[in-house]
Amino acid sequence: MFHLITFEKVVKYSRILNPLKNFEEDIRVFEYRTDPLTGRNTTVIKGMLNYVSRFLVSDLKLLNSLVEKTRVNCPFCPENVKTKTPMFARDFLAEGRIFVGDTAITPNLLGHAEQSILAILSREHYLKLKDFTPKLIFDGLKGGTEYLERLNQSDHSVRFPVFIFNYLPSAGSSIFHPHMQILVRDRPFHLVKLLMEKSKAYYESNGVSYWLSLISKEKGGERYLFENNGVEWLVPFAPLRGLNEVQAIVKGKSHLLELDDKERLGLAEGISKVLRFYHNQGYVSFNVILTSGPMDEHLDYFSVDLKVISRPGIQTLCFTDAWALPYLLWDGEAVEEPEKLAEKIRAFLGKEEN
Ligand SMILES: [Zn+2]
């Protein structure tokens, strides 16, 4: 019953005469993997991580100079938060902003949805990825949830929330200072809509949640990472983007208002672990999406889901991995085998514990 998910892959080869090997014949391997829920293709290209790795590290001198430059007049630094960030309307929140620990929750000046909120996470203007502590991330999730609860009481039509992180310009952030965004709309974002539709169809034909089936199938396997406070962490078989992508599933919870502090801690500790791994690999930049079903209804067929990826380094070349294939052709590409990534993360976390 719990093993209805199939992991399909097709392996293709091509031959070239390689100038780096005195024009000897070289065989290259392309693995087409089908996402078991959506059917979307991700091509796993062995050896690609090695090829792109020079774009993933940072020019630390340049990075430090940008940190100093952007610190001047940063609206999110503690001395400016109360004068340079917007406040909520008085009838929504009399105090204007929500504070939890070092996190400040404020509306976004312009925004990306009818409800577009910022969680400013730290008093520090810049953090290395190893310094995103579980407490800092937890406070952001907690403050964001307080906002969602208030929103849910005042306006039932805005039902679909996501939390996202964009850290540093190479991850699409216009502001250096560590922050999360909470976007809430009357309609789901495209990916959430797709996942909900496919999850519903899976549930209707199999009588069981895809997400619980996936955990049951992956637990203890070659892509599985760890469990933390009701949250399961793994590397997806066919990643969305494929640059060090890790996934977390909150078991049995279909929307963000169903999460309790224990699960928020499970998410925060897991994100912090993955970011420490990224730091260890020399990365400085990342994105996270935390997706949710509608806030006014529990869905047996759906689960709160998180994806985290690393992004390119800060360099004068301005390399981006948002190129035509993933960005416009909507296909996935993984720069190494997901199983190999999972093995590296497990080894890193194992060493940390000892
Ligand atoms: Zn700042």
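Quick one: is Thr103 at pLDDT 95 or above, surrounded by 10 or more Cβ atoms within 10 Å (Cβ to Cβ) and in contact with a helix residue (DSSP H, G or I) (Cβ under 9 Å, 6 or more places away or on another chain)? For Thr103, the condition - at pLDDT 95 or above, surrounded by 10 or more Cβ atoms within 10 Å (Cβ to Cβ) and in contact with a helix residue (DSSP H, G or I) (Cβ under 9 Å, 6 or more places away or on another chain) - is met.
Each residue in the range 149-158 was checked for being more than 17 Å from Leu259 (Cα to Cα), exposed (fewer than 15 other Cβ atoms within 10 Å of the Cβ) and touching a residue at least 40 places away in the same chain (Cβ under 8 Å), and 2 pass. Of all residues in the range 315-354, those that are in a helix (DSSP H, G or I), surrounded by 12 or more Cβ atoms within 10 Å (Cβ to Cβ), in contact (Cβ under 8 Å) with a residue 12 or more places away in the chain and out of contact with any Leu (no Cβ under 7 Å at 6 or more places or on another chain) total 8.
Just one of Pro239, Pro161 is touching a strand residue (DSSP E or B) at 6+ places or on another chain (Cβ under 9 Å), buried (at least 23 other Cβ atoms within 10 Å of the Cβ) and in a loop (DSSP other than H, G, I, E, B); which is it?
Details: Pro161 fails: in a loop (DSSP other than H, G, I, E, B).
Just one listed residue meets the conditions, Pro239.
Note on the range 47-85: residues that are in a loop (DSSP other than H, G, I, E, B), within 15 Å of the ligand (Cβ to nearest atom) and surrounded by 16 or more Cβ atoms within 10 Å (Cβ to Cβ) amount to 5.
Listed conditions (1) assigned to a loop (DSSP other than H, G, I, E, B); (2) crowded, with 21+ Cβ neighbours inside 10 Å are all met by Gly220, apart from (2).
Considering every residue within the range 180-196, establish whether at least one is closer than 22 Å to Glu269 by Cβ and in contact with a helix residue (DSSP H, G or I) (Cβ under 6 Å, 6 or more places away or on another chain). Lay out the reasoning, then the answer.
First, the residues of the range 180-196 that are closer than 22 Å to Glu269 by Cβ: 180-182.
Within this subset, residues satisfying the condition of being in contact with a helix residue (DSSP H, G or I) (Cβ under 6 Å, 6 or more places away or on another chain) are 180, 182.
Yes; the residues of the range 180-196 include at least one that is closer than 22 Å to Glu269 by Cβ and in contact with a helix residue (DSSP H, G or I) (Cβ under 6 Å, 6 or more places away or on another chain).
Tell me the residue from Val208, Val274 that is over 23 Å from Arg187 (Cα atoms) and assigned to a helix (DSSP H, G or I), please. Please lay out each step first, then the result.
Working: Val208 fails: assigned to a helix (DSSP H, G or I).
Answer to the check: Val274.
Among residues of the range 52-80 that are within 30 Å of Ile117 (Cα to Cα) and at pLDDT 95 or above, those with a Cβ under 6 angstrom from a residue that is part of a helix (DSSP H, G or I) and more than 9 Å from the ligand (Cβ to nearest atom), sequence gap 6+ or separate chain, pair up as Pro75/Lys84. The set of residues in the range 127-141 that are crowded, with 20+ Cβ neighbours inside 10 Å and either of a type in the set (S, T, N, Q) or part of a helix (DSSP H, G or I) (or both) comprises Leu129, Leu136, Ile137, Phe138, Asp139, Gly140, Leu141. Residues that are touching a Ser or Thr at 6+ places or on another chain (Cβ under 8 Å), of a type in the set (A, V, I, L, M, F, W, C) and outside any loop (DSSP other than H, G, I, E, B): does the range 86-96 have at least one? Scanning the range 86-96, I find no residue that is touching a Ser or Thr at 6+ places or on another chain (Cβ under 8 Å), of a type in the set (A, V, I, L, M, F, W, C) and outside any loop (DSSP other than H, G, I, E, B), so the answer is no. Just one of the listed residues (Glu124, Glu146) is surrounded by fewer than 22 Cβ atoms within 10 Å (Cβ to Cβ), in contact (Cβ under 8 Å) with a residue 12 or more places away in the chain and in a helix (DSSP H, G or I), and it is Glu146. All of (1) free of Cβ contacts under 8 Å to residues at least 24 places away in the same chain; (2) assigned to a helix (DSSP H, G or I) hold for Ala268 with one exception: (1). Name the single residue, out of those in the range 172-217 being within 16 Å of the ligand (Cβ to nearest atom) and over 17 Å from the mean Cα position of the chain (by Cα), that is surrounded by the most Cβ atoms within 10 Å (Cβ to Cβ). Per the stated criteria, the residue is His177. Would you please name the residue that is nearest to the ligand (Cβ to nearest atom), looking only at residues in the range 159-171 that are touching a Ser or Thr at 6+ places or on another chain (Cβ under 6 Å) and of a type in the set (A, V, I, L, M)? Result: Leu168.
Within the range 231-247, can one find any residue that is among the basic types (Lys, Arg), more than 16 Å from the ligand (Cβ to nearest atom) and modelled with pLDDT of 95 or more? Looking for residues that are among the basic types (Lys, Arg), more than 16 Å from the ligand (Cβ to nearest atom) and modelled with pLDDT of 95 or more, one finds none in the range 231-247, hence no. Across the range 106-121, which residue is farthest from the ligand (Cβ to nearest atom) among those that are exposed (fewer than 14 other Cβ atoms within 10 Å of the Cβ) and under 30 Å from Tyr283 (Cβ atoms)? Among those that are exposed (fewer than 14 other Cβ atoms within 10 Å of the Cβ) and under 30 Å from Tyr283 (Cβ atoms), it is His112. Checked against (1) among the aliphatic types (A, V, I, L, M); (2) under 21 Å from the mean Cα position of the chain (by Cα); (3) more than 16 Å from the ligand (Cβ to nearest atom), Val100 passes all but a single condition, namely (2).
The values are calculated or read from the model by the stated rules, or taken from the named source; none is laboratory data. Model, not experiment: these values are computed from the prediction. Note: ideal-geometry Cβ built from the backbone for every residue, glycine included; neighbour counts use all protein chains shown.
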